[in-house]
Amino acid sequence: MKPAHPARRTVCAALGLACAAALPFVAAGRVLAAAPALQPGADPLDSSRWDDMRRAFFADAPVVFDDRIAVTAPFSAEDPLNVPVAIDATALGAVREVLVFADFNPIVKALRVEPLAAPAAFGLRLKLQQSSPVRAAARTADGTWHLGGAWVRTSGGGCTLPSLGSGSAEWQQRLNEVGARLWPGVGHGDRLRLRIVHPMDTGLAPGIPAFHIETLEIADGAGRVLVRAEAFEPVSENPVFSFDLPAGIGAAGPLRIRGRDNNGNLIDAEVRP
Amino acid sequence: MHTPLRSARRPRLLASFAATAFALAALNAQAKGVSDDDIVNDATITTQVVTHGLGTKGQRYSPLDQVNIETVKNLVPVWSFSFGGEKQRGQQSQPLIHDGKMYVTASYSRIFALDATTGQKLWKYEHRLPDGIMPCCDVINRGAALYDDLVIFGTLDAQLVALNKDTGKVVWRQKIEDYKAGYSFTAAPQIVKGMVITGNSGGEFGIVGRVDARDAKTGKLIWTRPTVEGHMGYTYDAEGKPVDNGISGTTNATWPGDLWKTGGAAPWQAAYYDPDVDLIYIGTGNPAPWNSWLRPGDNLYSSSTIAIDPDTGKIVWHYQSTPHDGWDFDGVNEFISFEYNDPATGKLVKAGGKADRNGFFFVNDRTDGKLLNAFPFVNRIDWAKGIDLKTGRPIYDEEKRPGNPFAEGVGEDKKGKVVFNAPSFLGGKNQMPMAFSPKTGYFYVPANEWGMDIWNEPISYKRGAAYLGAGFTIKPLHEDFIGAMRAVDPVSGKIVWEVKNNAPLWGGVMTTGGDLVFYGTPEGYLKAIDARNGKELWQFQTGSGVIAPPVTWEQDGEQYVAVVSGWGGAVPLWGGDVAKRVNMLEQGGSVWVFKLHKS
């Protein structure tokens, strides 16, 4: 299974947001469905960093590997600067927050999403420094973390390279510009796809400080916050996010996208249905 | 498939929550905010340095005397911290100290929080700069301001960033102006009555100088005051909408045509504040362009000291030290509040002192700006024969103004007559702040002796491009020195003592109750001098040139001294023939901290 077929991604780049609806959240199963019966505590992805990850993110909280949280990512990412990942945790019911991280990235944590009034399904693109498990951990109301994930093979170097944008003046003119569109009837309701102009520098490339989007909020026309997200350095340059929102969410007026980067530059955009 | 992990340990969760909550409460109690009282009393609270200038008056005097003329020989380094990276350019920051922590800015718009006793790094914020920034004089920064739980500093792309002082996370950020039009920011902000006061930089690009007051907690504008005559000042209502607050001066009174629209006069240094007379003092830069033939008139409020009422944002008085400047004599240097007894009447005078770029030391009444005294603090001044104490105006030598490039017979290259003038455009004193000791009554002035060849050329304004209309080259006046640390008596107008320095002095000065004067040299030394007689008592080699002002504070019964080291700034970029005296100096980027050795 190749959820993010190279050819398809080329088409996406050419058509921009118009192809957003065409990029599906393919049901997970490549790794987890094939996973053997587990020993308690054993990592189905068999990562030597798992113990570190558990300590860093979950401490003493209960953790389960759970195939109800689907992580879809390419088997092999030919562009380590833009690895598309889709997460669907809706099968778990109410989810408080979802963490996305990659065990072998120099900066492990990529995204934290709180689906406050939205289905727990979203997509992002991230940078991978080397082949790594890409995991999503969803915390349910009882405090339990449910883990899904997939190995992504890559040639690497994604996090320590200067952003492409840092070589051009474009980001300086268009910083935090948002392109977005709401796709009714896609995913678990309506799907919001958005792209923000931002270099998302990791701070690991020589001479370029960390510069990344920190917070993102999506609110409906009545001002109710639907999704709150916290982004970290590994999210791709000019990040593209998808968020599944309740069906008919655009009826109450334009959606509002607000956020901020770690330098305090504001993001503020409206999406008219 | 659900595979619980460590479920047997769940009871520990509660215990660990409780422990965390307790630790957080302890942390909150520990992290003190900086109050208005802390700020206005900073000059006398010896356990902190929370303002630029060791007090908002900017005297740079500390009453501490544990380190003194007897004990200074035992001053040894405690720690040193490297700013790291490949960004070792000029370091001009004055550190701030509060609650056992040091806040110090570095080149390329970086700021660090360090443990003040160990030098351990607590956090760093590195501002992402666009490629198109246009600082005239190196990628420096002169320091931060502290207020409540915020540490606030300006960036080279003309932004103001407020960070939580305990976490280093951005709390608010405001744009001062558009860097693409030539604006930048390098000064330390100053806190006055809960407002953060800033100027701007970019006088070489035809920007419009301006002083802004913002709510320090939110960054919202309260008032803004242009420093070029003709521009409207504003206050801001609750929605942030500008409300007219009167034009600065009278349009076209001292500027011809449209020249005031790109008039420069950038107040690119820190503002100072005297709570006693409740006035903000800030100096303004050169008028733009440098070519003075294009702008007949005094060109207010360029090259001036201006006093602003913090409550109204209006100019209360101004004193222009170089009317119709033609030599790049910015009037930005600090106007330091001090008192003296008038020798004739014995009356206490509320004065202010300023060592100007133009080579004269000015003493003004700080309540109304009236000129009280003016005398040279450098050996040679060509452009003026003196300052008329009655009119307050310079007595120009018109032969020393660069020739008119538009005059008949100039020739096709339109290059006006070249003149030699002292001081040079880098000034008898530049950005490095002087100090005043209420104990000796002297100002300690880091002076430089140099001249320049200067000529004028035609120029027209182009947004974001250099706007000079002049050419120049600097020449030292003496073989054995350019820099001279001078003790200046503001009442008698006499230079009491001097310590010569081969390279130009570019760091600031601090003086203490221990009768010491501390300053750094481009050659890398931090020096301690006897404040009374100029005797050199102590020095330490910091490994790179010092172009930043030292500070001192007391912690756990011990007096600490700190200075930032890192060669750069305007001299190596603009230094002409001076380059020979400085081109062997190596770059760096570190902060050094000293205290007395206990045997």
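Only the coordinates and a few stated rules stand behind these numbers; no lab work does. These numbers were taken from a predicted model, which means no experiment stands behind them. FYI the Cβ positions are ideal-geometry reconstructions off the backbone, even for glycines, and counts take in every protein chain you see.
Per the helix-only calculation at 222 nm, which mean residue ellipticity applies to the protein assembly as shown, given -39500 (n - 2.57) for every DSSP H run of n ≥ 4 and division by its residues, nearest 500 deg cm²/dmol?
When only DSSP H runs of four or more count, the value is -2000 deg cm²/dmol.
List B:Ile247, B:Ile315 from most exposed to least, where exposure is judged by having the fewest other Cβ atoms within 10 Å.
B:Ile247, B:Ile315
On a straight-distance basis, which aspartates and glutamates could pair with B:Lys462 in a cross-link, Cα separation under 12 angstrom, same-chain partners fewer than 8 positions away excluded?
B:Glu204
Multiply the residue separation of B:Ala181 and B:Thr250 by 0.36 nm, subtract the distance between their alpha-carbon atoms, and state the gained length in nm to one decimal.
22.3 nm
Loop-only check: which GluC sites (Glu not before Pro) in the range A:182-261 are DSSP coil with at most 13 other Cβ within 10 angstrom?
Nothing satisfies the criteria.
Holding the Cα-Cα limit at 24 Å, pick out from B:Lys429/B:Lys494; B:Lys101/B:Lys124; B:Lys32/B:Lys169; B:Lys314/B:Lys494 the pairs that are longer than that.
Over 24 Å Cα-Cα: B:Lys314/B:Lys494.
Using 0.36 nm times the number of residues separating A:Thr160 and A:Ser48, minus their current alpha carbon distance, what extension gain do you get?
Stretched fully, the A:Thr160-A:Ser48 segment lengthens by 38.1 nm.
Once you charge only the Cβ atoms, +1 for Lys and Arg and -1 for Asp and Glu, what is the size of the charge dipole of the range B:33-596 about its Cα centre, to the nearest 20 debye?
Once rounded to the nearest 20, the dipole reads 540 debye.
Name the shape class, rounded, prolate or oblate, that the alpha-carbon gyration tensor gives for the range B:257-405, where a ≥ b ≥ c are the square roots of its eigenvalues, rounded holds for a/c under 1.5, and otherwise prolate holds if a/b is larger than b/c and oblate otherwise.
Since a/c reaches 1.5 but b/c is at least a/b, the shape of the range B:257-405 is classed as oblate.
Using the Cα centre of the range B:33-596 as origin and beta-carbon charges of +1 (Lys, Arg) and -1 (Asp, Glu), tell me which of B:Gly428, B:Leu64, B:Ser544 is placed farthest towards the positive end of the dipole.
The one lying farthest along the dipole's positive direction is B:Ser544.
For the protein assembly as shown, give the magnitude of the charge dipole about the Cα centre (Cβ charges: +1 Lys/Arg, -1 Asp/Glu; no others), in debye to the nearest 20.
1740
About the Cα centre of the range A:6-271, how large is the charge dipole given +1 on each Lys and Arg Cβ and -1 on each Asp and Glu Cβ? Please answer in debye to the nearest 20.
It works out to roughly 360 debye.
Distance between Cα centroids, the range B:222-251 to the range B:574-599: provide it in whole Å.
Taking the Cα centre of the range B:574-599 as reference, the centre of the range B:222-251 is 42 Å away.
Do you know the relative contact order of chain B, to the nearest whole percent, from alpha carbon pairs under 8 angstrom that are 6+ apart?
In percent, rounded to a whole number, it is 14.
Across peptide A:200-210, what mean number of C-beta atoms from other chains lies inside 10 Å of a residue's C-beta?
Across A:200-210, the average partner-chain Cβ count within 10 Å equals 3.
Return A:Thr144, B:Thr44 ranked ascending by Cβ neighbour count within 10 Å, so the fewest neighbours appear first.
The fewest-first ordering by Cβ neighbours comes to B:Thr44, A:Thr144.
First measure r as the distance between the Cβ atoms of B:Lys169 and B:Gln587, then evaluate 1/(1 + (r/R0)^6) with R0 = 41 Å and state the FRET efficiency to the nearest 0.05.
Efficiency, from the Cβ-Cβ distance: 0.85.
Would you mind pulling out the separation of the Cα centroids of the range A:219-273 and the range B:148-168, in Å?
For the range A:219-273 versus the range B:148-168, the Cα centre distance is 26 Å.
Among the trypsin sites (Lys or Arg not before Pro) in the range B:430-511, which ones are in a DSSP loop with at most 14 other Cβ atoms within 10 Å of the Cβ? Mind listing them?
B:Lys462, B:Arg463, B:Lys494
In peptide B:327-335, how many Cβ atoms from other protein chains are near each Cβ within 10 Å, on average?
0
Nearest 5 is fine: what % of DSSP beta bridges in the range B:33-596 come out antiparallel, could you say?
Here the antiparallel bridges make up roughly 95 percent for the range B:33-596.
Using a basic spin-label model with each label point 7 Å from the Cα along Cα→Cβ, how many nm lie between A:Arg272 and B:Asn533?
Once both label points are built, they end up 8.2 nm from each other.
Projecting each Cα onto the charge dipole of the protein assembly as shown (Lys/Arg +1, Asp/Glu -1 at the beta carbon, about the Cα centre), which of B:Ser565, A:Thr144, A:Leu161 comes out farthest on the positive side?
Looking along the dipole axis, the top candidate is A:Thr144.
To test your reading of the geometry: what angle, between 0 and 90 degrees and rounded to tens, separates the Cα axis of helix B:11-30 from the longest principal axis of chain B?
So the helix axis and the longest Cα principal axis differ by about 30 degrees.
At a threshold of 8 angstrom on Cα-Cα distance, excluding pairs fewer than six apart, so keeping six or more, what relative contact order does the range A:6-271 reach in percent?
Averaging sequence separation for qualifying contacts and normalising by length gives 18 percent for the range A:6-271.
Please compute the average number of Cβ atoms from other chains found within 10 Å of each residue's Cβ in peptide B:121-130.
Rounded to a whole number, the mean comes out at 5.
Cα gyration tensor of the range B:33-596, axes a ≥ b ≥ c as square roots of the eigenvalues: rounded (a/c below 1.5), prolate (a/b > b/c) or oblate?
It is rounded, given that a/c, with a ≥ b ≥ c, falls under 1.5.
Could you please state, rounded to a whole Å, how far the C-alpha centre of the range A:84-116 is from the C-alpha centre of the range A:41-56?
Their Cα centres are 16 Å away from one another.
Run the numbers on the range B:517-557 and let me know its relative contact order in percent, using alpha-carbon pairs under 8 Å that are six or more apart.
39
Determine which aspartates and glutamates satisfy two conditions relative to B:Lys347: a Cα distance under 19 Å, and not lying fewer than 8 residues away in the same chain.
Qualifying aspartates and glutamates at Cα under 19 Å: B:Asp276, B:Glu339, B:Asp365, B:Asp368, B:Asp489.
Could the peptides A:83-93, A:218-228 be put in order, highest first, of the mean number of other beta-carbon atoms found within 10 Å of their residues?
In decreasing order of mean packing, A:83-93, A:218-228 become A:83-93, A:218-228.
With the Cα gyration tensor of the protein assembly as shown giving a ≥ b ≥ c as the square roots of its eigenvalues, does the rule (a/c under 1.5 for rounded; else a/b larger than b/c for prolate; else oblate) give rounded, prolate or oblate?
It is prolate, given that a/c is not under 1.5 and a/b is the larger ratio.
Compute log10 of I(q)/I(0) for the range A:6-271 with the Debye formula, placing one identical point scatterer on every Cα and leaving out solvent, at q = 0.07, 0.10 Å⁻¹, to two decimals.
Those come out to -0.22, -0.47, one per q.
Set the Förster radius R0 to 22 Å, insert the Cβ-Cβ distance between A:Arg96 and A:Glu177 as r into 1/(1 + (r/R0)^6), and round the FRET efficiency to 0.05.
The value I calculate is 0.10.
For A:Ser132, B:Ser303, B:Ser82, which order do you get if you count the other beta carbons within 10 Å of each Cβ and list the fewest first?
In increasing order of surrounding Cβ atoms, one gets B:Ser82, A:Ser132, B:Ser303.
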